[in-house]
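Colleague: Input: one structure, supplied below.
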Amino acid sequence: MKSELFNKVWDAYKADNKTDFIDKITQIDEWAKKNINSITVLAQVEKMKNNAQLFATSFDCEGKRTSNMVDRAIKPIDKFLSNAQYFHGNLSSAQLTIRALAIGYNFLPFCQKVVKGKKNSIYFVGQLT
């Protein structure tokens, strides 16, 4: 059942347009209510259905829907936040932290010739001064 659900979700992700995507998510919800016994899984499917309209905005952009480049940019920031035990304080300080990390990330060297022999992490930014 679990692999069948995964396949259905993946098929919905590969839909050609917003309408097909939302229809497939609705069908997944109906199928899950008939075939899945786990309350936890049903809750996640319901959550996915409730957010389908939000997820469908990805179809507004042309081209493939991939997060590869986004993931590459976010990994070092996620690592930093994990090491710092995420956020402490208020929303404003959290936003400033992310903004500073993103700006610092822009100065990281990506060329392998430059990176070789230097520490390739978000902490490298502190050595720029």
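Colleague: In what sequence do Lys34, Lys24 fall when counting other Cβ within 10 Å, fewest first?
Modeller: Lys34, Lys24
Colleague: If we count other beta carbons within 10 Å of each Cβ, what is the order of Tyr86, Tyr13, fewest first?
Modeller: Ordered from fewest to most neighbouring Cβ atoms within 10 Å, Tyr86, Tyr13 come out as Tyr86, Tyr13.
Colleague: How about region 23-82: which chymotrypsin sites (Phe, Trp or Tyr not before Pro) there are in a DSSP loop, with at most 15 other Cβ atoms within 10 Å of their Cβ? Present the calculation step by step, with values, prior to reporting the outcome.
Modeller: Values: sites: Trp31, Phe55, Phe59, Phe80; in loops: none.
Passing both the DSSP loop test and the Cβ count: no residue.
Colleague: Same structure, new question: Mind running the shape call on region 37-91? Use the C-alpha gyration tensor, a ≥ b ≥ c as the square roots of the eigenvalues: rounded below 1.5 for a/c, prolate if a/b tops b/c, oblate otherwise. Could you put the intermediate results ahead of the total?
Modeller: Numbers: a/c = 2.26, a/b = 1.24, b/c = 1.82.
Oblate shape, in that a/c is at least 1.5 and b/c is the bigger or equal ratio.
Colleague: Still on this structure, please answer the following. What ranking of Met1, Met69 emerges when the number of other C-beta atoms within 10 Å of each C-beta is taken as an exposure proxy, fewest first?
Modeller: Met69, Met1
Colleague: Quick check: convex hull over the Cα atoms of region 1-90, volume per residue in Å³, rounded to an integer?
Modeller: Given the Cα convex hull of region 1-90, per-residue volume reads 156 Å³.
Values quoted throughout were computed directly from the atomic coordinates according to the rules given, and no laboratory measurement underlies them. Model, not experiment: these values are computed from the prediction. No Cβ is skipped: glycine too gets one built from the backbone with ideal geometry, and neighbour counts run over all protein chains shown.
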